[in-house]
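Please treat every number below as a calculation from the coordinates, not as lab data. Predicted model, so just to flag it, every value in this text is computed and none were measured. Because the Cβ atoms are built from the backbone with ideal geometry, glycine has one as well, and the counts that use them run over all protein chains shown.
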Amino acid sequence: MSKYWHVFNVGIQNTLVYRMNFLFRATFALIPLMGTLYLWRTIFASNPERGQIAGYSLASMTSYYLLVTVVDALTAVTEDDWQIAADIRDGRISQFLLKPLDYLAYRLCLFAAGRFVYTLTALLPAGVFLAIQHEYLVPAADWLAVGAFLLATVLTALLQFLMSYTMALLAFWVLEISTFIFIVYALEYLAGGHLFPLDILPAPLAQALNFTPFPYQMYFPVSIYLGRVSGREMWQGLAIQAVWVALAFFLARFVWRRGIRRYSAYGG
């Protein structure tokens with residue numbers, strides 16, 4: 001494990017070079033968030049007699065989007081898939097085939113280092129924004145919900161990384177993987193709960209989405225914190241999320257083995 005700890009440290013040092021980029025990215029990412037919050041405030045203001053929309057109050061809806069921002073900062077895959085594809089396309093993957101270093105674990109360490117630095121950098125703008133919006137923040141129901149939320153967030157990060165890792169491995173077969181990445185990103189954004197809470201959709205559609213991995217990439221951990229998912233449903237959701245992580249891991253291993261069989265590199 002010491003070599004992977006060294007990879008994590010090197011990843012932090014390399015990522016710190018982009019700390020100002022991360023700061024500006026985290027700051028300007030709050031602009032569309034502000035637009036979304038003002039949109040929902042207008043929607044709630046136009047229906048004062050109802051007070052709630054699909055079981056959400058203005059405070060809980062605002063908290064949903066604030067928590068989405070937090071979870072996204074902790075779990076989002078940024079450049080990892082592009083870097084993996086470049087390693088394969090440019091032949092740099094060869095060095096990992098000759099060393100006692102697992103490429104999946106190597107990339108996971110770099111992903112963790114990147115998320116660690118990005119989260120630290122985003123603390124300032126995100127903290128200021130959350131302080132401004134504190135009156136709309138809904139506290140967690142209890143400490144069990146907080147613990148389950150943290151566990152689900154870790155599983156979300158693993159699921160997002162493994163899915164992006166597997167998509168990047170398509171570079172063993174195709175020269176350009178951007179189309180596949182953008183398709184998966186669009187599905188994650190729509191079916192994962194980034195754009196809106198999934199339980200405001202018609203019940204049959206929301207239930208159908210639960211058979212896909214996408215709700216467990218964002219909507220599910222946020223719903224645990226807000227108390228929208230609790231009790232037996234929460235534990236079942238965590239079990240399903242863990243199963244998706246396991247399936248994504250085995251799929252990543254399978255695609256890697258198949259890709260290595262057709263991989264070839266020439267020259268010194």
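General observations
- For the chain, the membrane-span-like helix rule (DSSP H, alpha carbon extent of at least 18 Å along the helix axis, mean Kyte-Doolittle at least 1.0) picks out 30-45, 58-75, 103-132, 143-168, 178-191; this says nothing about an actual membrane.
- Given their separation in residues at 0.36 nm each and the Cα-Cα distance between them, Leu33 and Tyr263 gain 78.5 nm when the chain is fully extended.
- Computing FRET efficiency as 1/(1 + (r/R0)^6) for Ser94 and Ile183, where r is the C-beta to C-beta distance and R0 is 25 Å, gives about 0.30.
- Share of pairwise Cα separations in the range 2-262, more than 33 Å, in percent: 24 percent
- Measuring nothing but how far apart in sequence close Cα pairs (under 8 Å, 6+ apart) lie, relative to its length, the chain scores a relative contact order of 27 percent.
- Here the chain is treated with +1 on each Lys and Arg Cβ and -1 on each Asp and Glu Cβ, and its dipole about the Cα centre works out to around 740 debye.
- Scanning the chain for trypsin sites (Lys or Arg not before Pro) in DSSP loops with at most 13 neighbouring Cβ atoms within 10 Å leaves 93-268 as the longest stretch between them.
- Asn47 paired with Phe249, simple spin-label distance in nm, labels 7 Å along Cα-to-beta-carbon: 4.2 nm
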